[in-house]
Amino acid sequence: MNKQLFIAAFLMLTLQSSLLEAREVKGSKAMAEEVDSVQQAFANQADSIVNAYIVSLQNLVTLQQQATGTTSAPSPYLFRLFAPGTLYNNVLSQKMSINAEDADDTEAAKRPQLGSTTDSQLQLAEDINNALAQAYITSPQFFSTTQQELMSGSRIRSDLTKKQESNKKLAEKVVEDKPQMQVEAVDVEVMKPNFWTLKGNGGMQFTQNHFSDNWYQGGDDMYSMLTLLTLDANYDNKRKIQWDNKFEAQLGFQTTENSKPKFRATSNLLRLTSKLGIKAIGKWNYAAQLQLQSQPYMTYDGSGDNVVADFISPLYIRSSIGMDYKFSWKNLSGALLLAPLSWNITYVDRDNLVTRYGIDAGHNAKHDWGPNVNLTFTWKLLKNITWSSRAYWFSNLKLTRIEWENTFNFTVNKYISAKLFMYPRFEDSSPNYRSGENHDGTFWMFKEFLSLGLNYDF
């Protein structure tokens, strides 16, 4: 058994020495390729030797267990055969002492002594010591470490004391595997922001009545038509400037068999409103507003013989400067203009109508100065019912004009709706209104219509 242990120890020490020499050769850049092949050869040789030795040790353990009838684990003393070439104190003390009892100083008196004939593990340790002692004599070049150095954890290569520094960082050594993507050319179109909001509404309502010639109550056939158009063009740069523009047109006719003239205007309006606002604070803006209002068709009095209004007769030009407040709350939104300074011009092109609108005879226009209040809002009362309103007040501190237009829109579907229009008006800007035949000496006027027909939002 001593011979087998010696052969194993010798082979292991030979392998370790070869690896040490390979490390030294690796230091030469010129022989880098040769070092790689030598290392691979030593690695293969080491694997085969270690595997064969493990098998032989296992066989020895099995034979020992069969001979002694025990199942004890392999001895830890075998570690010294696999450790680097080391000069162990026990080996030297065992060979150089006269009595085995002196082999390990004072600690020897506390343990079973080498040379025991009853402890198999101590017998194995003694055989390993003999094998290592023989190796110390025949191959001293393989033993460069002492037991104290091994137990203190010193380096096997004591000459490698300088820290090896690399010029590259670890992240730079990693080769990034970028996927190859086929990207087609894309035409990039740069679009400027659009601060304009455009919308509109158009509608047309019809009414028709027919009576036979012998209808017991009598009556005249009647046809009526009403067209409505509203266009909005609003600018808002989301910073300081807001510019709201609104165009409104209404034209309604009614005809009967005996009407005079054949077509009588029932609704007659052309109105353009433009308001420029500059951000002040919160929802308040400095505002300037200009409004032009007239009618596209002639209007007759009750007899049908006299014209009481025509295109640009009158023409109202209203300009005002003040503060504008815009509000929005749930289903209600609108704007309130407070103008302490307003300039109103009333122009009449027909000379025979100038006095009807408070203009002195021989003149075609009059000018009024004073404060102005204008309120507009839209309130969605129900899912299909909307209330749009416009309230206007102006006074030159002598005469006053109040207008309140209300439109209730009842939506049936996208293309059909009913409209209820109510328009109370207070007017004392002309002395003729106080004694006119159609006003009975009052300043209040009222207009209303209810229609059903086509409607379209765009």
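The values are calculated or read from the model by the stated rules, or taken from the named source; none is laboratory data. Every value quoted in this text rests on a predicted model; they were computed, and no experiment measured them. Cβ coordinates were reconstructed from backbone atoms using ideal geometry, including for glycine residues, and neighbour counts include every protein chain displayed.
Things to note:
- Checking each residue in the stretch 259-297 for being closer than 24 Å to Arg350 by Cα and in contact (Cβ under 8 Å) with a residue 60 or more places away in the chain picks out Thr266, Ser267.
- Residue match in the stretch 233-248 (condition: among the charged types (D, E, K, R), farther than 23 Å from Asn409 by Cβ and without any contact (Cβ under 8 Å) to a residue 24 or more places away in the chain): no
- Output for the stretch 312-330, where each listed residue is without any contact (Cβ under 8 Å) to a residue 24 or more places away in the chain and either part of a loop (DSSP other than H, G, I, E, B) or surrounded by 16 or more Cβ atoms within 10 Å (Cβ to Cβ) (or both): Lys330
- Any hit, the stretch 368-379, residues being in contact with a strand residue (DSSP E or B) (Cβ under 8 Å, 6 or more places away or on another chain), modelled with pLDDT of 95 or more and of a type in the set (Ser, Thr, Tyr): yes
- Looking only at residues in the stretch 41-80 that are exposed (fewer than 14 other Cβ atoms within 10 Å of the Cβ), of a type in the set (Gly, Ala, Ser) and over 17 Å from Asp127 (Cβ atoms), the one that is modelled with the lowest pLDDT is Ala73.
- A search for C-beta distances below 8 Å between a residue of the stretch 336-357 that is more than 25 Å from Thr376 (Cβ to Cβ) and without any contact (Cβ under 8 Å) to a residue 40 or more places away in the chain and any residue that is in a strand (DSSP E or B) and charged (D, E, K, R), counting only pairs 6+ apart in sequence or on different chains, returns Asp349/Asp310.
- Within the stretch 213-234, being under 18 Å from Ser451 (Cα atoms) and small (Gly, Ala, Ser) holds for one residue alone: Ser224.
- Residue match in the stretch 235-252 (condition: farther than 29 Å from Asn344 by Cβ, at pLDDT below 90, assigned by TED's automatic domain parsing to the domain that holds Asp221 and in contact with a Ser or Thr (Cβ under 9 Å, 6 or more places away or on another chain)): no
- Asp305 meets the conditions (1) modelled with pLDDT under 95; (2) charged (D, E, K, R); (3) not in a loop (DSSP other than H, G, I, E, B) in every case but one. The failed one is (3).
- Those residues of the stretch 233-259 which are of a type in the set (Lys, Arg) and surrounded by 14 or more Cβ atoms within 10 Å (Cβ to Cβ), in sequence order: Lys246
Listed here are the residues, each with its yes/no results for (1) within 40 Å of the chain's Cα centre (by Cα); (2) acidic (Asp, Glu); (3) part of a strand (DSSP E or B).
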position: Glu189; (1), (2), (3): yes, yes, no
position: Gly218; (1), (2), (3): no, no, no
position: Tyr235; (1), (2), (3): yes, no, yes
position: Gln242; (1), (2), (3): yes, no, yes
